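Scroll down for the structure; my scribbles are underneath it.
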């Protein structure tokens, strides 16, 4: 299992707009691509001084699935123009980690 992690920042005044864009357009678009091996996406948000930080964590079965999503330069951030318009800054490259262990609440 592969976790793809990416960070983006926006102003506090654009944070709700960006979150809505992610939920209503970008995540839907990713899901509608029906990428083999794509398992899901998580969204994290926090306020940091004069910015709001967002983190996405995408889960894939394999690096081949990541490449299907992002292309051969799989570390390149996939940031649509609509998102770029409201972000102050963002990671140009995503990080990929192999999930080694996971323990859920009542195990």
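Each value in this text was obtained by applying a stated rule to the coordinates, not by laboratory testing. A quick note: this is a predicted structure, and the numbers were derived from the prediction, not measured. Cβ atoms come from the backbone with ideal geometry, glycine included; neighbour counts cover every protein chain shown.
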The lone exception for residue 40 - which of (1) crowded, with 16+ Cβ neighbours inside 10 Å; (2) within 18 Å of residue 74 (Cα to Cα) it fails: (1)
Test: residue in segment 21-30 that is in a loop (DSSP other than H, G, I, E, B), loosely packed, with under 13 Cβ neighbours inside 10 Å and either in contact with a strand residue (DSSP E or B) (Cβ under 8 Å, 6 or more places away or on another chain) or without any contact (Cβ under 8 Å) to a residue 12 or more places away in the chain (or both): no
Pairs, first without any contact (Cβ under 8 Å) to a residue 40 or more places away in the chain in segment 41-57, second surrounded by fewer than 14 Cβ atoms within 10 Å (Cβ to Cβ) and not in a strand (DSSP E or B), C-beta under 9 Å, six or more apart: 41/31; 43/23; 47/12; 50/12
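Restricting attention to segment 60-107, and to residues there that are assigned to a strand (DSSP E or B) and either on the phi > 0 side of the Ramachandran plot or out of contact with any helix residue (DSSP H, G or I) (no Cβ under 7 Å at 6 or more places or on another chain) (or both), which single residue is surrounded by the most Cβ atoms within 10 Å (Cβ to Cβ)? Walk me through it before giving the result.
From segment 60-107, those assigned to a strand (DSSP E or B) are 60, 76, 89-90, 93, 95-98; that's our starting set.
Still in the list and also either on the phi > 0 side of the Ramachandran plot or out of contact with any helix residue (DSSP H, G or I) (no Cβ under 7 Å at 6 or more places or on another chain) (or both): 89-90, 93, 95, 97-98.
On the way: 89: 10, 90: 15, 93: 11, 95: 11, 97: 11, 98: 9.
For segment 60-107, the residue satisfying everything is 90.
Just the residues that are closer than 25 Å to residue 67 by Cα and in contact with a strand residue (DSSP E or B) (Cβ under 8 Å, 6 or more places away or on another chain), please, taken from segment 36-52. Can you show your working first?
Within segment 36-52, the first condition is being closer than 25 Å to residue 67 by Cα, and the residues that meet it are 36-44.
Across segment 36-52, the qualifying residues are 37, 38, 39, 40, 41, 42, 43, 44.
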